[in-house]
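Peer 1: I'd like to ask some things about the structure below.
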Amino acid sequence: MQVIFESRHPGGAELREVAIERLRFAMRRLSWLVPRARVQLADINGPRGGTDKQCQIELKTNTGTVVISSLAADWRSALDTAIQRAARVLVRGLQRQRKQGRRSKPAAGTQLLALDQ
């Protein structure tokens, strides 16, 4: 999985290696589904403080793009929350696809009844 990291803030740039390592670890079982990911860290309101650290993760999957955003008081919390959400969204989507695949195919040995209207 290719990971692209972007941050204009020096505090966010210090987490580059940590962010890439954490994302790859969290997505290790789903790496076949996500060939490319982008992590963006931003300080929304600058030096004023508060809950203003934003982490946005964009995952390019085989079926489309998933964008997850998280706000927190510090970089690490924003990163961890966004990674957790991204993994959860991918797993849910995969489960949904598998469940739909099971419903569309009849079980072996069963017959479908056609109703005339």
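The values are calculated or read from the model by the stated rules, or taken from the named source; none is laboratory data. Being a predicted model, the structure only gives us computed values, none of them experimental. Note that each Cβ is placed from the backbone with ideal geometry, even for glycine, and that neighbours are counted across all protein chains shown. These accessible areas exclude ligands, DNA and RNA; they are computed on the full protein's heavy atoms, side chains included. Shrake-Rupley method; radii C 1.70, N 1.55, O 1.52, S 1.80 Å.
Peer 1: Taking Ile20 and the conditions (1) open to solvent by less than 60 Å² (accessible area, probe 1.4 Å); (2) out of contact with any helix residue (DSSP H, G or I) (no Cβ under 9 Å at 6 or more places or on another chain); (3) more than 15 Å from Ala86 (Cα to Cα), which numbered condition does it fall short on, given that it satisfies the others?
Peer 2: (3)
Peer 1: A follow-up question, please. Residue by residue through segment 30-62, note down the ones that are among the hydroxyl-bearing types (Ser, Thr, Tyr) and either in contact (Cβ under 8 Å) with a residue 24 or more places away in the chain or under 11 Å from Ser7 (Cβ atoms) (or both).
Peer 2: Kept after step one, since they are among the hydroxyl-bearing types (Ser, Thr, Tyr), are these residues of segment 30-62: 31, 51, 61.
Within segment 30-62, Ser31, Thr61 meet the criteria.
Peer 1: Looking only at segment 1-26, which residues are among the hydrophobic types (A, V, I, L, M, F, W, C) and modelled with pLDDT under 90? Break it down into steps so the answer makes sense when it comes.
Peer 2: The initial filter retains those residues of segment 1-26 that are among the hydrophobic types (A, V, I, L, M, F, W, C), namely 1, 3-5, 13, 15, 18-20, 23, 25-26.
Residues satisfying the conditions are Met1, Ala13, Leu15.
Peer 1: Out of segment 59-97, which residues are open to solvent by less than 30 Å² (accessible area, probe 1.4 Å), farther than 15 Å from Val18 by Cα and in contact with a Lys or Arg (Cβ under 7 Å, 6 or more places away or on another chain)?
Peer 2: Across segment 59-97, the qualifying residues are Ile68, Ser70, Ala72.
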